[in-house]
Amino acid sequence: EPEVTQTPSHQVTQMGQEVILRCVPISNHLYFYWYRQILGQKVEFLVSFYNNEISEKSEIFDDQFSVERPDGSNFTLKIRSTKLEDSAMYFCASSEFGLAGDEQFFGPGTRLTVL
Amino acid sequence: AQSVTQLGSHVSVSEGALVLLRCNYSSSVPPYLFWYVQYPNQGLQLLLKYTSAATLVKGINGFEAEFKKSETSFHLTKPSAHMSDAAEYFCAVRHGSSNTGKLIFGQGTTLQVKP
(Lines give C-alpha, C1' and ligand atoms only; values in the text may rest on other atoms or scores of the structure.)
Protein backbone atom coordinates (compact mmCIF):
# COMPACT_ATOMS: atom_id res chain seq x y z
CA GLU A 1 0.00 0.00 0.00
CA PRO A 2 1.43 3.40 -0.94
CA GLU A 3 2.43 5.60 1.98
CA VAL A 4 3.97 8.95 2.75
CA THR A 5 7.48 8.71 4.14
CA GLN A 6 9.48 11.28 6.09
CA THR A 7 13.14 11.61 6.98
CA PRO A 8 14.70 11.89 9.42
CA SER A 9 12.45 10.53 12.13
CA HIS A 10 14.22 12.71 14.71
CA GLN A 11 16.36 15.79 14.15
CA VAL A 12 18.26 17.60 16.87
CA THR A 13 19.71 21.00 16.05
CA GLN A 14 21.15 24.07 17.69
CA MET A 15 19.17 27.29 17.80
CA GLY A 16 19.93 29.43 14.76
CA GLN A 17 20.82 26.50 12.51
CA GLU A 18 19.03 25.66 9.29
CA VAL A 19 17.13 22.39 9.02
CA ILE A 20 15.53 20.63 6.09
CA LEU A 21 12.80 18.11 6.70
CA ARG A 22 12.14 15.71 3.87
CA CYS A 23 9.00 13.99 2.70
CA VAL A 24 8.19 11.64 -0.14
CA PRO A 25 4.46 11.94 -0.91
CA ILE A 26 2.43 9.23 -2.57
CA SER A 27 3.50 9.14 -6.19
CA ASN A 28 0.29 10.12 -8.01
CA HIS A 29 -0.72 12.79 -5.51
CA LEU A 30 -0.80 16.42 -6.56
CA TYR A 31 -1.40 18.31 -3.32
CA PHE A 32 1.09 18.46 -0.47
CA TYR A 33 0.90 19.79 3.06
CA TRP A 34 2.95 20.39 6.17
CA TYR A 35 1.50 20.39 9.65
CA ARG A 36 3.17 20.56 13.02
CA GLN A 37 2.30 19.55 16.56
CA ILE A 38 4.02 21.14 19.50
CA LEU A 39 4.06 18.74 22.44
CA GLY A 40 0.72 18.80 24.21
CA GLN A 41 -0.92 21.06 21.64
CA LYS A 42 -3.10 20.72 18.56
CA VAL A 43 -1.92 19.62 15.15
CA GLU A 44 -1.60 22.92 13.24
CA PHE A 45 -1.64 23.59 9.52
CA LEU A 46 1.49 25.24 8.13
CA VAL A 47 1.26 25.27 4.36
CA SER A 48 -0.30 23.66 1.31
CA PHE A 49 1.44 23.31 -2.04
CA TYR A 50 0.16 22.58 -5.52
CA ASN A 51 1.58 22.94 -8.99
CA ASN A 52 4.94 24.10 -7.63
CA GLU A 53 3.57 26.95 -5.62
CA ILE A 54 2.11 27.63 -2.20
CA SER A 55 -1.69 27.47 -2.20
CA GLU A 56 -2.23 28.62 1.35
CA LYS A 57 -0.09 29.26 4.40
CA SER A 58 -0.82 29.93 8.04
CA GLU A 59 0.42 32.75 10.23
CA ILE A 60 3.03 30.36 11.62
CA PHE A 61 4.61 30.01 8.18
CA ASP A 62 6.68 33.18 8.22
CA ASP A 63 9.80 34.12 6.27
CA GLN A 64 11.87 31.60 8.19
CA PHE A 65 9.98 28.77 6.52
CA SER A 66 10.06 27.66 2.92
CA VAL A 67 8.88 24.63 0.96
CA GLU A 68 10.16 23.11 -2.20
CA ARG A 69 9.57 20.20 -4.51
CA PRO A 70 13.11 19.86 -5.84
CA ASP A 71 12.39 16.85 -8.02
CA GLY A 72 9.47 14.64 -8.95
CA SER A 73 9.33 12.80 -5.66
CA ASN A 74 10.55 14.88 -2.70
CA PHE A 75 8.78 17.66 -0.84
CA THR A 76 10.87 19.57 1.68
CA LEU A 77 10.30 22.01 4.51
CA LYS A 78 13.20 24.30 5.34
CA ILE A 79 13.53 26.34 8.49
CA ARG A 80 16.26 28.92 7.93
CA SER A 81 17.19 29.84 11.48
CA THR A 82 15.59 27.59 14.04
CA LYS A 83 14.18 28.89 17.31
CA LEU A 84 13.47 27.00 20.50
CA GLU A 85 9.74 27.32 19.79
CA ASP A 86 10.15 25.44 16.51
CA SER A 87 10.59 22.24 18.51
CA ALA A 88 7.65 20.08 17.45
CA MET A 89 6.57 17.04 15.46
CA TYR A 90 6.29 17.95 11.80
CA PHE A 91 3.90 15.96 9.62
CA CYS A 92 3.85 15.86 5.86
CA ALA A 93 0.64 14.91 4.07
CA SER A 94 -0.49 14.47 0.49
CA SER A 95 -3.76 14.06 -1.35
CA GLU A 96 -4.59 13.08 -4.90
CA PHE A 97 -6.85 16.08 -5.36
CA GLY A 98 -7.41 19.18 -3.28
CA LEU A 99 -11.14 18.76 -2.91
CA ALA A 100 -12.67 19.32 0.49
CA GLY A 101 -13.72 15.72 0.92
CA ASP A 102 -10.44 14.16 -0.17
CA GLU A 103 -8.42 12.16 2.28
CA GLN A 104 -5.03 13.50 3.23
CA PHE A 105 -2.47 10.76 3.80
CA PHE A 106 -0.02 11.56 6.56
CA GLY A 107 3.57 10.52 7.08
CA PRO A 108 4.90 9.30 10.44
CA GLY A 109 6.38 12.68 11.27
CA THR A 110 9.79 14.16 12.05
CA ARG A 111 10.43 15.15 15.63
CA LEU A 112 12.48 18.35 15.62
CA THR A 113 14.29 19.30 18.80
CA VAL A 114 15.93 22.72 18.92
CA LEU A 115 18.47 23.19 21.72
CA ALA B 1 -13.66 30.90 11.44
CA GLN B 2 -13.74 27.16 11.82
CA SER B 3 -12.74 25.35 14.98
CA VAL B 4 -12.98 21.94 16.61
CA THR B 5 -13.30 21.06 20.27
CA GLN B 6 -12.70 17.57 21.58
CA LEU B 7 -14.12 17.09 25.05
CA GLY B 8 -11.84 15.00 27.21
CA SER B 9 -8.12 14.76 26.54
CA HIS B 10 -8.07 11.25 28.03
CA VAL B 11 -10.77 8.60 27.90
CA SER B 12 -10.42 5.23 29.60
CA VAL B 13 -12.71 2.27 28.89
CA SER B 14 -12.66 -1.42 29.64
CA GLU B 15 -12.18 -3.92 26.86
CA GLY B 16 -15.60 -4.72 25.38
CA ALA B 17 -17.18 -1.46 26.59
CA LEU B 18 -18.65 1.30 24.44
CA VAL B 19 -16.22 3.89 23.13
CA LEU B 20 -17.50 7.47 22.84
CA LEU B 21 -15.14 10.25 21.83
CA ARG B 22 -16.71 13.67 21.60
CA CYS B 23 -16.16 16.29 18.94
CA ASN B 24 -17.95 19.60 18.46
CA TYR B 25 -17.26 21.92 15.59
CA SER B 26 -17.84 25.52 14.73
CA SER B 27 -18.29 26.49 11.11
CA SER B 28 -20.20 29.20 9.29
CA VAL B 29 -20.54 27.03 6.19
CA PRO B 30 -21.34 23.33 5.75
CA PRO B 31 -18.30 21.51 7.08
CA TYR B 32 -16.46 18.43 6.01
CA LEU B 33 -15.51 16.45 9.13
CA PHE B 34 -12.87 13.83 9.71
CA TRP B 35 -11.66 11.50 12.42
CA TYR B 36 -8.03 10.44 12.36
CA VAL B 37 -6.24 7.93 14.59
CA GLN B 38 -2.58 7.98 15.52
CA TYR B 39 -0.88 4.89 16.86
CA PRO B 40 2.48 5.30 18.62
CA ASN B 41 5.30 6.28 16.26
CA GLN B 42 2.99 6.35 13.26
CA GLY B 43 1.32 9.01 11.16
CA LEU B 44 -2.32 10.01 11.28
CA GLN B 45 -4.63 7.49 9.62
CA LEU B 46 -8.12 8.35 8.44
CA LEU B 47 -10.86 6.51 10.31
CA LEU B 48 -13.87 8.07 8.60
CA LYS B 49 -15.18 11.28 7.08
CA TYR B 50 -18.42 13.18 6.65
CA THR B 51 -18.86 14.90 3.30
CA SER B 52 -22.55 15.92 3.36
CA ALA B 53 -23.97 12.58 2.27
CA ALA B 54 -25.28 10.22 4.96
CA THR B 55 -25.22 11.66 8.47
CA LEU B 56 -24.19 8.32 9.97
CA VAL B 57 -20.76 7.47 8.70
CA LYS B 58 -19.10 4.10 9.08
CA GLY B 59 -15.34 3.82 9.13
CA ILE B 60 -12.59 1.30 9.56
CA ASN B 61 -12.08 -0.95 12.58
CA GLY B 62 -15.76 -0.84 13.56
CA PHE B 63 -15.89 2.90 14.28
CA GLU B 64 -18.73 5.14 13.24
CA ALA B 65 -19.71 8.76 13.75
CA GLU B 66 -22.94 10.69 13.42
CA PHE B 67 -23.13 14.24 12.10
CA LYS B 68 -25.68 16.24 14.07
CA LYS B 69 -26.06 19.73 12.67
CA SER B 70 -28.42 20.88 15.45
CA GLU B 71 -25.79 19.97 18.06
CA THR B 72 -22.77 20.87 15.88
CA SER B 73 -21.34 17.51 16.86
CA PHE B 74 -19.55 14.61 15.19
CA HIS B 75 -18.95 12.14 18.00
CA LEU B 76 -17.01 8.93 17.35
CA THR B 77 -18.34 5.64 18.69
CA LYS B 78 -17.50 1.96 18.70
CA PRO B 79 -19.81 -0.58 20.37
CA SER B 80 -17.06 -2.74 21.85
CA ALA B 81 -13.53 -1.57 22.57
CA HIS B 82 -10.55 -3.72 21.73
CA MET B 83 -7.09 -3.44 23.23
CA SER B 84 -5.76 -2.50 19.79
CA ASP B 85 -7.96 0.63 19.80
CA ALA B 86 -5.65 2.30 22.31
CA ALA B 87 -4.32 5.34 20.44
CA GLU B 88 -4.77 9.07 20.03
CA TYR B 89 -7.81 10.25 18.10
CA PHE B 90 -8.15 13.56 16.31
CA CYS B 91 -11.27 15.23 15.01
CA ALA B 92 -10.75 17.69 12.16
CA VAL B 93 -12.84 20.04 10.04
CA ARG B 94 -12.35 21.44 6.59
CA HIS B 95 -14.21 24.28 4.89
CA GLY B 96 -16.81 22.79 2.58
CA SER B 97 -15.80 24.95 -0.34
CA SER B 98 -12.11 24.86 0.34
CA ASN B 99 -9.83 23.96 -2.51
CA THR B 100 -6.64 24.23 -0.50
CA GLY B 101 -7.27 21.30 1.81
CA LYS B 102 -6.38 22.91 5.13
CA LEU B 103 -7.50 20.70 8.01
CA ILE B 104 -8.25 22.25 11.38
CA PHE B 105 -7.70 19.77 14.19
CA GLY B 106 -9.00 19.39 17.69
CA GLN B 107 -6.72 18.85 20.66
CA GLY B 108 -6.87 15.08 20.40
CA THR B 109 -8.19 12.44 22.77
CA THR B 110 -6.04 9.63 24.09
CA LEU B 111 -8.03 6.42 24.38
CA GLN B 112 -6.88 3.91 26.97
CA VAL B 113 -8.39 0.43 26.92
CA LYS B 114 -8.12 -1.58 30.12
CA PRO B 115 -8.20 -5.39 30.10
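Ignore the peptide's own chain and count Cβ atoms of other chains within 10 Å of each Cβ in A:95-106; give me the average, rounded.
Values: counts 1, 0, 2, 5, 6, 15, 10, 5, 5, 9, 4, 8.
For this peptide, the per-residue mean of nearby foreign Cβ atoms is 6.
Distance check, please: which entries in A:LYS42/B:LYS68; B:LYS49/B:LYS102; B:LYS49/B:LYS78 exceed 21 angstrom between their Cα atoms?
Details: A:LYS42/B:LYS68 23 Å; B:LYS49/B:LYS102 15 Å; B:LYS49/B:LYS78 15 Å.
Cα-Cα > 21 Å for A:LYS42/B:LYS68; rest within.
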query = Per-residue mean of other chain beta-carbon atoms within 10 angstrom of the beta-carbon, peptide A:27-34?
reply = 1
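Excluding A:ASN52 itself, what net charge comes from residues whose Cβ is under 13 Å from its Cβ, given Lys and Arg +1 and Asp and Glu -1?
Values: positive: A:ARG69; negative: A:GLU53, A:GLU68, A:ASP71.
In short, -2.
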In order through the stretch A:96-101: 3J(HN,Hα) via Karplus (6.51 cos²θ - 1.76 cosθ + 1.60), integer Hz, x for Gly, Pro = 5, 10, x, 5, 4, x
ask   = Of A:MET89, B:MET83, A:MET15, which has the most accessible area and how do the rest follow, probe 1.4 Å?
value = A:MET15, B:MET83, A:MET89
key: Accessible area per residue in Å² at 1.4 Å probe, computed on the stretch A:25-115   = 45 Å²
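Under a point-charge model restricted to the Cβ atoms of Lys and Arg (+1) and Asp and Glu (-1), what is the dipole moment magnitude of the stretch A:9-115 relative to its Cα centre, in debye to the nearest 20? Mind dumping the intermediate values first?
Values: 9 positive and 14 negative charges, 74 e Å.
Roughly 360 debye for the stretch A:9-115.
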ask   = What does the accessible area of B:SER9 come to, in Å² to the nearest 10, when a probe of 1.4 Å is used?
value = 70 Å²
message = Take A:LYS83 and A:ASP63, extend 7 Å from each Cα along the Cα→Cβ direction, and tell me the distance between the two endpoints in nm.
response = 1.3 nm
request  = When a/c is below 1.5 the answer is rounded, else prolate if a/b is larger than b/c, else oblate, so apply that to the stretch B:35-111 with a ≥ b ≥ c taken from the square roots of the Cα gyration tensor eigenvalues.
outcome  = oblate
query = How much accessible area does A:VAL67 have with a 1.4 Å probe, in Å² rounded to the nearest 10?
reply = 30 Å²
query = Based on the alpha-carbon gyration tensor of the stretch B:66-115, what equivalent-ellipsoid semi-axes (square roots of 5 times the eigenvalues) come out, in whole Å, largest first?
reply = 26, 14, 8
inquiry  = Can you give me the Rg/Rh ratio for the protein assembly as shown, using Cα atoms for both radii and the Kirkwood formula for Rh?
reply    = 0.97
query = Summed for both chains, how many Å² of accessible area, to the nearest 100, are buried between B and A with a 1.4 Å probe?
reply = 1800 Å²
note = Cα convex hull volume per residue for chain A, in Å³, equals 104 Å³
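The values are calculated or read from the model by the stated rules, or taken from the named source; none is laboratory data. Every value quoted in this text rests on a predicted model; they were computed, and no experiment measured them. FYI the Cβ positions are ideal-geometry reconstructions off the backbone, even for glycines, and counts take in every protein chain you see. We work out accessible area using only protein heavy atoms, side chains counted, and drop any ligands, DNA or RNA first. Shrake-Rupley method; radii C 1.70, N 1.55, O 1.52, S 1.80 Å.
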